[in-house]
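The values are calculated or read from the model by the stated rules, or taken from the named source; none is laboratory data. If you're wondering where the values come from, they're calculated on a predicted model, not measured in any experiment. Neighbour counts run over all protein chains shown; Cβ positions are idealised from the backbone, glycine included. In case anyone asks, the SASA skips ligands and DNA or RNA and just uses the protein heavy atoms, side chains included. Shrake-Rupley method; radii C 1.70, N 1.55, O 1.52, S 1.80 Å.
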Amino acid sequence: MQLTLFWIFSSLMILFGLGVITLRSPVSCAMCLVSSFISLAALFITLDAFFIAVIQILVAAGAVMVLFLFIIMLLNLQAEECRRLRFPVILGGIATILCFLILLSQVLASNPQFLEPIPALQSTLSDVKMIGMTLFHSFNLPFQIIGLLLLVATVGVVLLSRRTLK
Amino acid sequence: MIVHRKKLNWIEKLYLPAILGGLAITWKHFKKSLLGKGVITMQYPEEKWDAHLPAWYRGAPTLVKDEHGRERCVSCQLCEFICPPRAITIEPMEIPEGDPWRKVEKAPQKFDIDMARCIYCGLCEEVCPEQAIYLRKDYSITGLNRTEMIHHKEKLYEMGGVMHGLVFKWNEKK
Amino acid sequence: MDASNFISQFFSPAAWTLLKSLGHLLMTPSGFFIWTTLLKSIILLAVILGLVSYTVYAERRVSALIQDRLGPNRVGWQGLLQPIADALKLLLKENFTPKSANYFYFRLASKLAMVPPVLVLGVLPFGSSLFGVPMTIASINVGALYVLAISSISVYGIVLAGWSSNSKYPFLGGIRSSSQMISYELSLALSLIPVFMIVGSLNLDEIVHYQVSHGWMIAPCWPQGMNFHTLLHPLVLWKSFSAGCSLSQFLLWIPLCISFLIFFISMFAETNRLPFDLPEAEQELIGGYHTEYSSMGFALFFLGEYTAMIAGASVITTLFLGGWSLPLIPDGSAGWWWGLINIAVFFTKIILLLFIFIWVRWTIPRFRFDQLMKLGWYFFFELAVANIFLAALLLAYVKK
Ligand code: SF4
Ligand code: SF4
């Protein structure tokens, strides 16, 4: 059951991912990205990671991508024109992919532990509580620092987007 | 004139009292109507406002006869010309020899008003020199297709009926 | 002769053994789970869709009564068949797509508008239990977040409709709607955090059970362990009252009240109901994002909007008004009739809330867009954040 679901959603995800890079109209790309996020959330659900799945939908699909779509609509972006692919470009692309694959295989081969399925976490806590515990007990300081950084970034953005700087 | 906006105090700025006040008003109306009081709706086909129609109400245009049973229309076609949406079509004919009203000379052979076009403006009534066409109080004119919406002469006389008085000039002529 | 023998004589032996093995399969734990879940989903969907069409009818009747009119009262007794007539009319109309519209997204958008509000219903506990089967389709441990997530993707239908219609009014409606929904989602989510902190769970079932034992979220105090027997003993009743009303209970009630207010008002913005219905402001935008739709395309938007309203009402009921619980009424473990009564209580609460939604719609005039944004960002957002701190402080004091 879990395996079939995995295959269904992972192939959907790859399909939509391909859509993001091959489709020409920006709205279609954005919608493909949203769909692939939702398939990713479904994958998380098959792993019983409800919290991450829901956060994935809430943040990525529900907030970030809506803003993307909003901006695509506002700027009225038209479909991209097809560029003619030149030979060196294709060669470069293939080389990049090859490099990535070689690296990946090296990393996987370096430690046999990576190939083994990791046993599921056995915990009596619900996953929300578990994430909260991890964040606020083991990683409290980094978490606070990230929070502060985000706050600074937000203030910076607000300042920059003001029309006139006094 | 300058209207000064009232400064709101902080309770008014919360808007909640005003919203609750508004809700109370609509609730009062809701309750009253639920009990059947103060509902102003008229249940149309059963209740009609015929009795409330004013004297000058402009309903469907009709043709009338005078007290001798004579068609008042003399086919002058003024109404056909004035009608803004060209709803009226008239075919005149000569009144045959031997008719007591032969002196009138003309009468309509065909008189059609296309009620799908009529805009109930009343110009035909106003222009008619013979006071032969009147807008009556019929307002519910329906038909299943366009041809049914054309009122022919017979129908127009049936709706119009007899109109007394007013024009006697044909009696004075010999 | 017992019942199974009686039934078996109508089947050939082979068919009977097949039926019996099918019956066994249905009674295995996973088989039982599958068919009860299917049955629950189908029945809930049917009930909700019926409720949707009658909410439309109620909207028309109540608005008429508020305005001293009568409203639709012709089709069937008191116009009760009006929704069916409306649906038939919409089905028979031409489903028109404008020439300049983007056909694929134009058609997709109307479906996307209908799906998310229905998905929300999947995690709501609409009853306690019936014959031992819990009356929640999926009781997941992040139920409340799931509701927020689904409502956050419900904006896609509107945005895509506005964009793909390729005409200015729908476009403006789509832009307004997306900015409005993003802004109010924030206060919607933040206003719920005090509830989660006090209950200590995101599971909607647990939130309801907390309210059954500790009292509804919007109640300042709650008698403990009240039932029909204690009603007869004033002394016991008084004791249960005094046990339930404490300073800590009262202190926690303050942030919950603020939460409720913010959530309730933001719900109006999230479902595009009248004080905040700018995406489809008829006077300025004709019909907003669904201007170009006709026939079933329009019907889906319309139904989606009302389903969202029902989903919103049921979320409010679940989180703040005690879900299916009512004082004195036990849950479904006390007998299946109590289970049915619990379901009835839940739907009654929803219907009352829907009435309030309609009542407010026909009372309050529409906001201006900048007022709406100011209210969302300058007032509700700040209030919700402050409320979280307040709740945390009070909780730290109370828990000591
Ligand atoms: S109805 Fe009057 S205006 Fe029209 S043709 Fe007859 S006489 Fe002339
Ligand atoms: S009422 Fe006006 S529109 Fe109608 S027939 Fe007379 S002139 Fe024509």
For this session: Indicate the gyration tensor shape class of the protein assembly as shown (rounded, prolate or oblate), computed on the Cα atoms with a ≥ b ≥ c the square roots of the eigenvalues: a/c under 1.5 is rounded; otherwise a/b larger than b/c is prolate and the rest oblate.
Result: prolate
For this session: Return the carbon/sulfur percentage of the accessible area of segment B:1-130, one whole number, probe 1.4 Å, all protein chains in place.
Result: 60
Problem set entry | Cα centroid separation - segment A:31-94 against segment B:1-38, whole Å | 48
Problem set entry | Kyte-Doolittle mean at least -0.5 and Cα axial length at least 18 Å: DSSP H helices in chain C | C:13-27, C:29-66, C:103-120, C:168-199, C:247-270, C:295-320, C:336-361, C:381-399
Problem set entry | Peptide-level mean, for A:54-64, of C-beta atoms on other protein chains within 10 Å | 5
For this session: Please list the helices of chain A that count as membrane-span-like by this rule: a mean Kyte-Doolittle hydropathy of at least -1.0 together with Cα atoms stretching 20 Å or more along the helix axis, each helix being a complete DSSP H run.
Result: A:2-22, A:26-46, A:87-110, A:140-161
Exercise. Amide H to amide H under 5 Å from residue B:106: which residues, 5+ apart in sequence or cross-chain, H placed 1.01 Å off N in plane?
Worked result: B:95
For this session: Please calculate how many Å² of accessible area the protein assembly as shown carries per residue, with a 1.4 Å probe and no DNA, RNA or ligand atoms counted.
Result: 59
Exercise. Cβ under 14 Å from residue C:140's Cβ, residue C:140 left aside: what net charge do those residues give with Lys, Arg +1 and Asp, Glu -1?
Worked result: -4
Exercise. Which far-off residues, 5 or more places away or on another chain, put their amide H under 5 Å from the one on residue B:150, with H placed in the peptide plane?
Worked result: B:115
Exercise. From the phi of every residue in segment B:128-143, what ³J(HN,Hα) in whole Hz does the Karplus formula 6.51 cos²θ - 1.76 cosθ + 1.60 yield, where θ is phi - 60° and glycine or proline is x?
Worked result: 5, x, 9, 6, 9, 10, 10, 8, 9, 8, 6, 10, 9, 9, 10, x
For this session: Return the average number of partner chain Cβ atoms within 10 angstrom of each residue Cβ along peptide C:61-69.
Result: 6
Exercise. Hey, any idea what % of segment A:1-82's accessible area is carbon plus sulfur with a 1.4 Å probe?
Worked result: 78
Exercise. Placing +1 at every Lys and Arg Cβ and -1 at every Asp and Glu Cβ, with all other atoms neutral, what dipole size does the protein assembly as shown have around its Cα centre, in debye to the nearest 20?
Worked result: 1440
Exercise. Which pairs in the list B:48/B:137; B:65/B:155; B:32/C:349 are over 20 Å apart, alpha-carbon to alpha-carbon?
Worked result: B:32/C:349
Exercise. Which one of C:203, C:102, C:272 has the biggest mean-square fluctuation once chain C is modelled by GNM with Cα springs under 10 Å?
Worked result: C:102
Exercise. Using 1/(1 + (r/R0)^6) with R0 = 56 angstrom and r between the beta carbons of residue B:110 and residue A:152, what's the FRET efficiency to the nearest 0.05?
Worked result: 0.05
Exercise. Which of the aspartates and glutamates could a cross-linker span from residue B:31 if the Cα-Cα distance has to be under 12 Å and same-chain partners fewer than 8 positions apart are dropped?
Worked result: C:68
Problem set entry | For segment C:47-89 and segment C:140-215, distance of Cα centres in Å | 28
Exercise. To the nearest 10 degrees, how steep is helix B:16-34 against the longest Cα principal axis of chain B, on a 0 to 90 scale?
Worked result: 50
For this session: Run the dipole for chain C about the Cα centre, Lys and Arg Cβ at +1, Asp and Glu Cβ at -1, nothing else charged, and hand back the magnitude in debye, nearest 20.
Result: 220
Exercise. Which one of C:329, C:42, C:310 has the biggest mean-square fluctuation once chain C is modelled by GNM with Cα springs under 10 Å?
Worked result: C:42
Problem set entry | Sequence-distant residues sharing a close amide H with residue B:62 (under 5 Å, placed H) | B:134, B:135, B:136
Exercise. Total accessible area buried between chains A and C, 1.4 Å probe, in Å² to the nearest 100?
Worked result: 2100
Seminar exercise, completed: Restricting to aspartates and glutamates and to Cα separations under 14 Å from residue B:110, and discarding same-chain partners fewer than 8 apart, the set is B:71, B:80, B:91, B:94, B:154
Exercise. Can you tell which of C:26, C:252, C:353 shows the greatest fluctuation in a Gaussian network model of chain C with Cα springs below 10 Å?
Worked result: C:26
